[in-house]
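The values are calculated or read from the model by the stated rules, or taken from the named source; none is laboratory data. Because the structure is a prediction, the values reported are computed rather than measured. Don't worry about glycine lacking a Cβ; one is built from the backbone with ideal geometry, like all the others, and counts go over all protein chains shown.
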Amino acid sequence: MSHGDEVIKLPRGFRYIASSENIKAASIGDEKRNIYGVQFHPEVQHTNYGMEILKNFLNICQENPESREINIKDIIDDIKVKVGNKKVIMALSGGTDSFVAATLIAKAIGKNLIPVYVNSGLMRDNALKNVTQIFPKLFAIKPKVLKVKNIFLNKIKNIIDPEKKRKTIGLLYVRLFEKVAQKQKNVGFLGQGTTYADFIHSKSTKHAALIKSHHNVGGLPKKMKLKLIEPIRYFYTDQVRYIGKKLGLPEEILYQQPFPGPGFAVRILGKITDNRLRKLKQADRIVMDEIEKAGLKNQIFQYFAILTNTKSTAIKGDGRFYGEVVAIRAYTTKDRMTADWAKIPFEVLQKISTRIVNEVPEVSRVVYDITTKPPATMEWE
């Protein structure tokens, strides 16, 4: 943050949110001063002494902090009351959040839950396995699988703007769920694995800023035929995993990599084609393979590849090659509100880079993203 010739370095936990160009100068008497916006977040993981600050504040206010156990029975009972004798179409992606949400709803309404997996072609391969193999074993409910890859690719092939991309995908999901609901009797709700981080980023409160429209929040249409039911909406990732553990879900579900609802669509910058999707999946698989081989799987919250839509010159064989740059993103975090880039050993990054450049067609080089959150978001789009 700069003020004239003076540079002010903000400590961790503070965030610079505006400059003199977009905040009006305030008049104090005859003197005009530039006003700068700064936020402070003592509650997030990476703020130095954040919890101590909050505890001291409570002490000054003469309030005693209390630890409260998450009451899973109350969550399930609330679902029972809200849903009644209606059925719920559950958006089951195969990820941790949707699995935990689906489990809570299944505990509440049993066979009145109709889980649906949208096979858009934009998800990782293990998602389909989680839905079709693990979920039925746990609940004796067979999810419906919609094979709609071509529909999704045709719908988003010419969309470059990330906000429009997310909203288009969100609308398409909802319309597909509504079609499923029309073929069933007594369906009244759409279940989602929305978390509080999704909710905050999507400008879902009056004073919140729009960071990006999550497909299941800001990407939803204004008019829906189904009512939403989101049992983990006010919980962060670590709390969602805690709930899932208490519900007895397997670790392979609870501690898997988070994956965005729009899938690989928000990791392909520029136009999305079937060829580019194949390339990204191949690069992403290499990243996952090498991280797991290095024994780093449980030390890094999320790791993935991005097609940057940027080209650079390289040498392949004895000639010039002009190909796409692939970026690698890996970070550590507790609640996804703040994050540090993962300190992956250089030799592991070298293996990833060598394999991607040699095995993935039309790739010229690999770069590693070392940006924290904030200012960067987890995903590039």
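Here are the numbers for this structure:
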quantity	calculated
Single residue of the stretch 310-347 satisfying the filter (in contact with a helix residue (DSSP H, G or I) (Cβ under 7 Å, 6 or more places away or on another chain) and among the basic types (Lys, Arg)) that is nearest to residue 378 (Cα to Cα)	336
Residues located in the stretch 222-244, provided they are buried (at least 17 other Cβ atoms within 10 Å of the Cβ) and basic (Lys, Arg)	233, 241
Residue in the stretch 118-125 that is assigned to a helix (DSSP H, G or I), modelled with pLDDT under 95 and in contact with a helix residue (DSSP H, G or I) (Cβ under 9 Å, 6 or more places away or on another chain) present	yes
Given (1) crowded, with 18+ Cβ neighbours inside 10 Å; (2) in a loop (DSSP other than H, G, I, E, B), index of the condition residue 88 fails	(2)
Tabulated pairs, the stretch 308-319, first exposed (fewer than 10 other Cβ atoms within 10 Å of the Cβ), second assigned to a strand (DSSP E or B), C-beta under 8 angstrom, 6+ apart or interchain	315/321
Total residues in the stretch 226-251, condition of a type outside the set (A, V, I, L, M, F, W, C), in contact (Cβ under 8 Å) with a residue 12 or more places away in the chain and assigned to a helix (DSSP H, G or I)	7
Scan of the stretch 322-346 for residues that are exposed (fewer than 15 other Cβ atoms within 10 Å of the Cβ) and aromatic (Phe, Trp, Tyr), ordered by number	322, 346
Selection within the stretch 42-80 - assigned to a loop (DSSP other than H, G, I, E, B), of a type in the set (Val, Ile, Thr) and at pLDDT 85 or above	70
Some residue of the stretch 361-380 being over 20 Å from residue 264 (Cβ atoms), over 20 Å from the mean Cα position of the chain (by Cα), assigned to a loop (DSSP other than H, G, I, E, B) and of a type in the set (D, E, K, R)	no
Residue that is in contact (Cβ under 8 Å) with a residue 40 or more places away in the chain and farther than 23 Å from residue 285 by Cα, where the choices are 333, 338, 377	338
Search result, residues across the stretch 141-185 that are touching a Phe, Trp or Tyr at 6+ places or on another chain (Cβ under 9 Å), surrounded by 13 or more Cβ atoms within 10 Å (Cβ to Cβ) and either free of Cβ contacts under 8 Å to residues at least 24 places away in the same chain or not assigned by TED's automatic domain parsing to the domain that holds residue 92 (or both)	172
Any chance residue 282 is modelled with pLDDT of 95 or more, outside the structural domain of residue 158 (by TED's automatic domain parsing) and buried (at least 16 other Cβ atoms within 10 Å of the Cβ)	yes
Residue satisfying all of: in the stretch 59-80; hydrophobic (A, V, I, L, M, F, W, C) and touching a helix residue (DSSP H, G or I) at 6+ places or on another chain (Cβ under 9 Å); farthest from residue 174 (Cα to Cα) among these	70
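Residue-wise test of (1) surrounded by fewer than 18 Cβ atoms within 10 Å (Cβ to Cβ); (2) of a type in the set (A, V, I, L, M); (3) out of contact with any Ser or Thr (no Cβ under 9 Å at 6 or more places or on another chain).
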site	(1), (2), (3)
263	no, no, no
269	no, yes, no
275	yes, no, yes
291	no, yes, yes
